[in-house]
Amino acid sequence: TKEIVNVVKTGYAVHISRLSASGRYVYVIGRDGRVSLIDLWLEKPAVVAEVKIAFDARSIDTSKFKGFEDKYAIAGGYWPPQYTIMDGDTLKPLKVVSTREPRVASIVSSFIKPEWVVNIKETGQILLVDYTNIENLKTSSIGSAKFLHDGGSDASKRYFLVAANASNKI
């Protein structure tokens, strides 16, 4: 019907919205670092959990690999430069990982492996963060063009593409 069901207030200048694996929830992050969890199945969709992970932020996603569907959420900050792993149902922070100075540009969950693809903007490093053991994260790194920006998976969900906007590369 294209009618507005509800207007849900979230963070300032929402940058990314990601749908949960079930389709029930939307995870939203504003540039002000506020993460909001919206329940779409309520009579009027509404925020059911919130947390502030940074003063300036850009990306969010959940765990999507079979057996881990929405168990965890991850959000990336510009300032402070870090990513925060949270409980997927409550947004309770479980682990904060500093990236030192470079900012987290974008995060996308893999459907093929239990890992997130975390793009570190200025360095051109792509981090593969294995979430099977949050207490002892295993992270590997892939070098890429500098100034990474937003990205996503191709239709097969096997390949990840990311724009390096200041480098004019994908």
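The values are calculated or read from the model by the stated rules, or taken from the named source; none is laboratory data. This is a predicted model, so every value here is computed, not measured. So basically every Cβ, Gly included, is an ideal-geometry build from the backbone, and we count neighbours across all protein chains shown. The accessibility values were calculated without ligands, DNA or RNA, using every heavy atom of the protein model including side chains. Shrake-Rupley method; radii C 1.70, N 1.55, O 1.52, S 1.80 Å.
For this structure, a couple of remarks:
- Charged-residue dipole, Cβ positions (Lys, Arg, Asp, Glu), the range 112-170 about Cα centre, Debye nearest 20: 180
- Peptide packing: for 33-41, 93-101, the average count of neighbouring Cβ atoms within 10 Å per residue gives the ranking 33-41, 93-101, highest mean first.
- Put simply, the range 57-100 fits an ellipsoid with semi-axes of 20, 10, 8 Å; these come from the alpha carbon gyration tensor as the roots of five times its eigenvalues, largest first.
- Selection from Leu19, Leu148, Val8 lying farthest towards where the dipole of the chain points positive, charges on Cβ: Leu148
- Heavy-atom accessible area for Phe68, with the other protein chains in place and a 1.4 Å probe, reaches approximately 40 Å².
- Unit charges at the beta carbon, dipole of the chain: most positive-side option, Gly124, Leu37, Tyr83: Gly124
- Taking Cα centre as origin and charging only the Cβ of basic (Lys, Arg, +1) and acidic (Asp, Glu, -1) residues, the dipole magnitude of the chain rounds to 280 debye.
- Dividing the mean sequence gap of close Cα pairs (under 8 Å, 6+ apart) by how many residues the range 1-141 holds gives a relative contact order of 15 percent.
- log10 of Debye I(q)/I(0), alpha-carbon scatterers only, for the range 64-142 at 0.11, 0.20 Å⁻¹: -0.25, -0.84
- Accessible area per residue for the range 92-170 is 58 Å², calculated with a 1.4 Å probe on protein heavy atoms, without ligands, DNA or RNA.
- For Tyr159, the accessible area of its heavy atoms, probed at 1.4 Å with every protein chain present, is near 120 square angstrom.
- The eigenvalues of the Cα gyration tensor, multiplied by 5 and square-rooted, give the chain an equivalent ellipsoid with semi-axes of 25, 17, 16 Å from largest to smallest.
- Ordered by solvent-accessible area of protein heavy atoms (1.4 Å probe), largest first, the residues Arg31, Arg58, Arg158 come out as Arg158, Arg31, Arg58.
- Share of carbon and sulfur in the accessible heavy-atom surface of the range 1-141 [1.4 Å probe, %]: 53
- Volume per residue that the Cα convex hull of the range 1-70 spans, once the total is divided by residue count, Å³: 98
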